[in-house]
Amino acid sequence: MTQIVSEVATPVFIYDAGIIASRYAAVREAFPSFEVLYSMKANSSFAILGLMRALGAGAEIASGGELFLATEVGFDPLDVVFAGPGKTDRELEEAIVAGVFAINVESFRELERLTRISKLVGVPARVALRLNTSAGLSKSGGGSAGPLHERMAGGPSKFGIDEEKLDGLGRYLGEPGIELAGIHIYTASQILDADEVVANAERTAAAARHVEERTGHELMSIDFGGGLGVPHYEEERPLDLPALGTRVEEIFAPFKKRGTRLMIELGRYLVSDAGVFVSRIIELKESRGERYVITDGGINQFLRPVLMKVHHQVAVLNRLDDAPSIDAKVSGPLCTPIDITGQEIAVPEGTAIDDLVGIMNAGAYGYSMSPQLFLSHPTPAEVIVLNGRVVNARKRGKYEDLLLNQEPLPGTV
Ligand SMILES: Cc1ncc(COP(=O)(O)O)c(C=O)c1O
């Protein structure tokens, strides 16, 4: 790791392609009847997308920009589904024209809009109904991100159609421009309790039957979400994937038997622990009993610990053999007190300026979720370790990039 950093400088995201490939293989093995869709929001770096496609994944997209990237990287549109509670007409049109397998509609109004747009472009819109089930994750079911942060169904929600409103569906399905492909349910992210995933699978299978009874229409596809979490805290255990897969496979076996496309969509499970965010210590400080390790990478590049209030393990990478013994706050260079990437981090006694600090589990929602322009630092580089080689995935930004798409006020510069 220190060798890589000496070549590319800091701050840098380093991803391990081997870990991503093994996570993907483990999911495929545990859920053999399911197509694995990669949720691009977790990490939409082009090289990662290419890796996912090469591994055989499909894509779950959530914006026109992600559709553009999916197309550029060469995902087969029939392996792409488009979810999101606020798709614009333009995005819907682009998705119809691109021929994605399903647009996951999240309201009846969106169905109405799709009817209109599909007429305009003369191509039918294939849709999956995203349902907001009446039950969701139980109170205890969340992983480290906590029950509040990452729930998307089972209560009032901006996502999906409340399942009790399904009665209103009939009038839309008769429309010539609409082709019902299937259903989609996404309950929550960061689930580490297998029983919760199974309960979600059961709810999804029940909802599929319900929709089929209501519409008299056999569904082509069922996307049961996923939400598989990754441990962040020592007391958390990883999901036992083979055991979980067996239980979920059993629930969907009747659908599989008759040829329904089954889908699981995953972001963090595939990429989170394949990534490390590495920055360099610029300053060490003691202030009124509190120690600070100040690095050249901050929440502008890795916002997640602050935004989602989740702990990421932190290590001084060039001192892994030294026992961590001093409590410190690891912070970035930004002029804001919230720029703390690690609270109560134990670092070795000898930690020094220029040491390298690694934040773990940075492969998901790192680069993609951070306000890169806040305080106008150049954007960090991204590299991928592939078969023992270090491959550049994204160059470090330059100062000049900060002017991209901007115009000065006339007469001021
Ligand atoms: C609809 C949908 N699918 C998939 C994901 C990916 O979640 P994760 O990265 O936890 O797998 C999300 C996350 O927000 C989502 O909203």
(message) Condition first: without any contact (Cβ under 8 Å) to a residue 24 or more places away in the chain and under 25 Å from Tyr15 (Cα atoms). Can you find one or more residues in region 349-365 that meet it?
(response) no
(request) Could you check how many residues of region 20-51 are within 18 Å of Val390 (Cα to Cα) and either modelled with pLDDT under 95 or outside any helix (DSSP H, G or I) (or both)? (result) 1
(request) Scan region 71-95 for residues that are in a helix (DSSP H, G or I) and either in contact with a Pro (Cβ under 8 Å, 6 or more places away or on another chain) or under 17 Å from Ile185 (Cβ atoms) (or both) and jot them down. (result) Thr71
(request) Among the numbered conditions (1) surrounded by 17 or more Cβ atoms within 10 Å (Cβ to Cβ); (2) more than 16 Å from the ligand (Cβ to nearest atom); (3) at positive phi, tell me where Gly56 comes up short. (result) (1)
(request) Assess whether Thr204 counts as being part of a helix (DSSP H, G or I), assigned by TED's automatic domain parsing to the domain that holds Arg151, over 20 Å from the mean Cα position of the chain (by Cα) and within 16 Å of the ligand (Cβ to nearest atom). (result) yes
(request) Scan region 151-172 for residues that are modelled with pLDDT under 90, of a type in the set (Gly, Ala, Ser) and within 16 Å of the ligand (Cβ to nearest atom) and jot them down. (result) Ala153, Gly154, Gly155, Ser157
(message) Suppose we keep only residues that are under 30 Å from Ala243 (Cα atoms), aliphatic (A, V, I, L, M) and touching an Asp or Glu at 6+ places or on another chain (Cβ under 7 Å) within region 59-86. Which one would you say is farthest from the ligand (Cβ to nearest atom)?
(response) Ala59
(message) Take Leu219 and tell me if it is within 16 Å of the ligand (Cβ to nearest atom) and either farther than 19 Å from Asp162 by Cα or not charged (D, E, K, R) (or both).
(response) no
(request) Kindly establish whether Ile326 is surrounded by fewer than 23 Cβ atoms within 10 Å (Cβ to Cβ), touching a strand residue (DSSP E or B) at 6+ places or on another chain (Cβ under 6 Å), farther than 27 Å from Thr379 by Cα and among the β-branched types (Val, Ile, Thr). (result) yes
(request) Could you tell me which of the residues Leu78, Leu129 is under 22 Å from Ile222 (Cα atoms), in contact (Cβ under 8 Å) with a residue 60 or more places away in the chain and over 20 Å from the mean Cα position of the chain (by Cα)? (result) Leu129
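Here is a yes/no grid of residues against (1) buried (at least 24 other Cβ atoms within 10 Å of the Cβ); (2) not aliphatic (A, V, I, L, M):
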| position | (1), (2) |
| --- | --- |
| Ile161 | no, no |
| Glu196 | no, yes |
| Asn200 | yes, yes |
| Ala207 | no, no |
| Val211 | no, no |
| Ile222 | yes, no |
| His232 | no, yes |
(request) Name the residue, out of Ser325, Ser331, that is polar (S, T, N, Q) and modelled with pLDDT of 95 or more. (result) Ser331
(message) Being closer than 25 Å to Asp79 by Cα, at pLDDT 90 or above, among the charged types (D, E, K, R) and more than 19 Å from the chain's Cα centre (by Cα): is that true of Glu175 here?
(response) no
(message) Against the definition (part of a loop (DSSP other than H, G, I, E, B) and either without any contact (Cβ under 8 Å) to a residue 12 or more places away in the chain or farther than 17 Å from Glu265 by Cα (or both)), how does Ala54 come out, yes or no?
(response) no
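The values are calculated or read from the model by the stated rules, or taken from the named source; none is laboratory data. Quick caveat, the model's predicted, so the values are computed rather than measured. Positions of Cβ are generated from backbone atoms using ideal geometry, with glycine treated the same way; all protein chains shown enter the neighbour counts.
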